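One structure below.
The values are calculated or read from the model by the stated rules, or taken from the named source; none is laboratory data. Nothing here was measured: the structure is a model prediction, and the numbers come from that model. Every residue, glycine among them, receives a Cβ derived from its backbone with ideal geometry; neighbour counts consider all protein chains shown. SASA here: full protein model, heavy atoms, side chains in, ligands and nucleic acids out. Shrake-Rupley method; radii C 1.70, N 1.55, O 1.52, S 1.80 Å.
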Amino acid sequence: MQYSLRPYSIEIERLLENLEKVTGYGGSLEASLFDTIAEKLFAIRRDADRWQPEEALELWNVLYRSFVSLHENAADYIASLQTAKAEEMMVTEAFLVFKEKLTDYLQNFVQALQRSAYKIEGNLLRINDSVRDLFLEKVAEGELAKPRLEEGPDKEEWMKELQRSWANIRRWFIGEGNAPSELTLLERATKDTIARIVRSAIRIQERKRAGLSRKKELEHLARWFASLDSVDDAHRLAAFAFGLFPTRHLQGEDLRDSDRADMSSWEERPMVRMLRSRSRKRGERLQSDPVRDNEERKRREREAYRIRQAEEMRMIEAMLERGRVRISEMGVVTAKERLRLLQWIGRCMTAGKTYTFVTPEGVRIRMSNPRTDKRTILYAEDGELEMADYELHFMLTNTAAALEAAASAEERGDQ
């Protein structure tokens, strides 16, 4: 009866036996499987055309079994570290004993992964489709060479199955499209697990330290400081006990009384600086300062602004009389005129397709040749500037022209 079972019955029986043995996720991180996979892929790339069908089948079985074992065991082991039971264990003090061994185990796996990943990816990329199909045909021939009483799949079906398995290996190690490879995700998950383990251990240690009183230690350290005879010894003890404190940079004038290079900072005259207290307690009420009178400064600023506006208006009126100006025809200009001219050119260049803008005084300024290749030199009192020979046109807007005409008429009527 044992040998009369159908294939489905055999698989069900094996499944039940495996279910009885399940006690958790299980799994493991077998770093040696990376070396096995890299070695077999290199053998395929090097001797794909010289393999016999039986040898190719044996090589393929070792390669694919290693890949499946690596994938399934690694996934199971990483999943076992994400369970609620694992989270509960990571907050107990017993976890500190287990932490070092677990961290070393994960770090060794990541190092083996990083060391062999480039070899595996390089071999997979160098095995082109023709070499792959040649090797898989040998594998299919070796599989079909086994004597079977029942009817099995033909060679074409075997080739499709083998190509799908090969595609799974390539997708797992290299990825597909823009999606990251499973190898990258496994490395990231392992590193995140290591970081989570370290954070859990730090929290446990901080919790243990939080409940301990350091009164006796501090009293012993205070008596130690009090027993010292010199400040230098106290500095050395403080360095050993507390380490380096965060530095603070205080700016002040140099009050050195000597030019000696070997003079210690402890021998120099101190610079006294008043520091603001950071205590949350309210300090003494400070005397409030009176409001400053800035009328004189405002008056000077207004006068300077009027002068600048008058100078700019005089330049605009001069340009309106000329109507059209080329940079090469400007002659020598002052520094302020050069700045205003460059400002107008910049506003024209940023005004869109029209290369035109209107000033607050109602003057329309338009650049007629923004893409000119002709170069010229603008001569100014403070230097010479090589630039494109732009041409600017100046004219009043309709509103500004009407206001100017009305003002002229009113002026004539008064006269």
Using a 1.4 angstrom probe on heavy atoms only, work out the carbon and sulfur share of the accessible area of the range 34-85 in %. 48
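Report the full-extension gain for the segment MET330 to PHE245: residue separation times 0.36 nm, less the Cα-Cα distance, to one decimal in nm.
Gain on extension, MET330 to PHE245, equals 24.2 nm.
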As a test of reading the structure, rank THR359, THR247 by solvent-accessible area (1.4 Å probe, protein chains only), most first. THR247, THR359
Among the listed pairs LYS40/LYS191; LYS99/LYS119; LYS353/LYS374, which have their C-alpha atoms separated by more than 25 angstrom in this model? LYS40/LYS191; LYS99/LYS119
Which trypsin sites (Lys or Arg not before Pro) in the range 96-185 sit in a loop by DSSP (not H, G, I, E or B) and have at most 10 other Cβ atoms within 10 Å of their own Cβ? ARG148
Among SER200, HIS220, LEU237, whose Cα sits farthest toward the positive end of the charge dipole of the range 171-277 (+1 at Cβ of Lys/Arg, -1 at Cβ of Asp/Glu, about the Cα centre)? SER200
Spatial separation of Cα centroids for the range 107-148 and the range 346-400, in angstrom: 69
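On the protein heavy atoms, probe 1.4 angstrom, tell me the percent of accessible surface of the range 173-272 carried by carbon and sulfur.
So the carbon and sulfur contribution to the accessible surface is 54 percent.
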Order 37-44, 367-374 from most to least packed using the mean count of other Cβ atoms within 10 Å. 37-44, 367-374
